[in-house]
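Values in this text are rule-based calculations from the coordinates and carry no lab data. Model, not experiment: these values are computed from the prediction. We place every Cβ from the backbone using ideal geometry, glycine too, and count neighbours over all the protein chains shown.
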Amino acid sequence: MIGAAFPLVRPLLHRLDAERAHDLTIRALAALPGGAPPAEEPSLAVEVMGRRFPNPVGLAAGFDKGARVPDALLGLGFGFVEVGGVVPRSQPGNPKPRVFRLPADRAVINRFGLNSEGLDVVAARLRARAGRPGLVGVNIGANKDSVDRLADYVACTAALVPHVAFVTVNVSSPNTPGLRDLQGEAFLDELLARVVAARDEAGGGAAILLKIAPDMALDALDAVCATAKRRGVQALVVSNTTVDRPASLRETALARETGGLSGRPLFEPATRMLAQAWLRVGDAMPLVGVGGVDSAEAAWAKIRAGASLVQLYSALVYEGPGLVGRIKGGLAERVRAAGGTTLTAFVGRDARALAEG
């Protein structure tokens, strides 16, 4: 029903400032009556990180920053939902306007700066959904003015792991000054060691994931993958937004806005980084493919590049929630056409070719 109505509503939403339109969307989802997720094709089920995902299509962090509507989003057909980013203390983020649509490029630029209601608010909302079905994870970061960013990640982990299926350690947002420095080998090693220890001490069964940038050099990727494996990270999320601006962008004026670029222009660099990561970790660690997933074809390419799961967000701005069902239907058709019974059989099949592309 919501998906069918989106083509009528989209012109109205796109006349509004992008952040205002998003806020209205969250409010509309919060007002929806609860409903069970749709039935899933058995071939789409994925078992990774000690969990059974009913389908591989997830919602990326950033859409539901405050964990206000995870169950409504699961009802749209997502196999899992990642809320956040969350930081310990509430912070407003960067000044507005801070998100821009690039319609000719099917892209978005944002510089939110990890605006968050804070850990206590989000933890309370996640605690309140205890016992409900569906896989919900949370993306965590550090306050902009923090004097101890490692402690921020530890605090978020300890408070949230009892209430979620996974915690994604975000060291790759381009909109918090210095955050990407935590991808350096020494910082990352200590960070992951402390986060894993905090998870274990809190007694939660949540998996620890690490989200990386698409812009890093391959020698840096070598170090990240080695550190993640050594510290017991259970999956890599590849990738965050990019600070690069491809020459192919058509919205040249908007492209000059600072912030992270997401959507269709991110697909190629993020998929190459995904394939490179798969060549380094193989079956030792599942990968979550993010960046430019706007069709079944794009999701299938991510899977064949090495992703066991995929996530999307920016494509919803242009395609609406009906996209989720179209992607799942297209993936099931591709599995059947290829003579398979599960998606898992196709993970990484094209990784070497895509890594070089």
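Dipole magnitude for the chain: computed about the Cα centre from +1 point charges on Lys and Arg Cβ and -1 point charges on Asp and Glu Cβ, it is near 600 debye. Spin-label model, Arg194/Ala226: points 7 Å from Cα along the beta carbon direction are separated by 2.3 nm. Could you work out the helix-only [θ] at 222 nm for the chain, with each DSSP H run of four or more residues adding -39,500 (n - 2.57) and the total divided by the number of residues, to the nearest 500 deg cm²/dmol? So the calculated ellipticity at 222 nm is -11500 deg cm²/dmol.
Exposure proxy ranking for Ile208, Ile26, based on other Cβ atoms within 10 angstrom of each Cβ and starting from the fewest, stands as Ile26, Ile208. Considering only Cα atoms, the convex hull volume of the stretch 2-356 works out to 126 Å³ per residue. Within straight cross-link reach of Lys328, meaning Cα distance under 19 Å, which lysines are found once same-chain residues fewer than 8 apart are removed? Straight-distance partners of Lys328: Lys302. Could you tell me whether the stretch 214-357 comes out rounded, prolate or oblate from its Cα gyration tensor? Rule is a ≥ b ≥ c as square roots of the eigenvalues, rounded for a/c under 1.5, then prolate if a/b exceeds b/c, otherwise oblate. Oblate.
Counting every other Cβ atom within 10 Å of each residue's Cβ, Thr258, Thr342, Thr271, Thr242 order from fewest to most as Thr258, Thr342, Thr242, Thr271. Given axes a ≥ b ≥ c from the Cα gyration tensor, I'd like to know whether the stretch 120-184 is rounded (a/c under 1.5), prolate (a/b larger than b/c) or oblate. Judged from the Cα gyration tensor, the stretch 120-184 comes out prolate (a/c at least 1.5, a/b above b/c).
A simple count of charges around Val237, restricted to other residues whose Cβ falls under 9 Å of its Cβ and scoring Lys, Arg +1 and Asp, Glu -1, yields 0.
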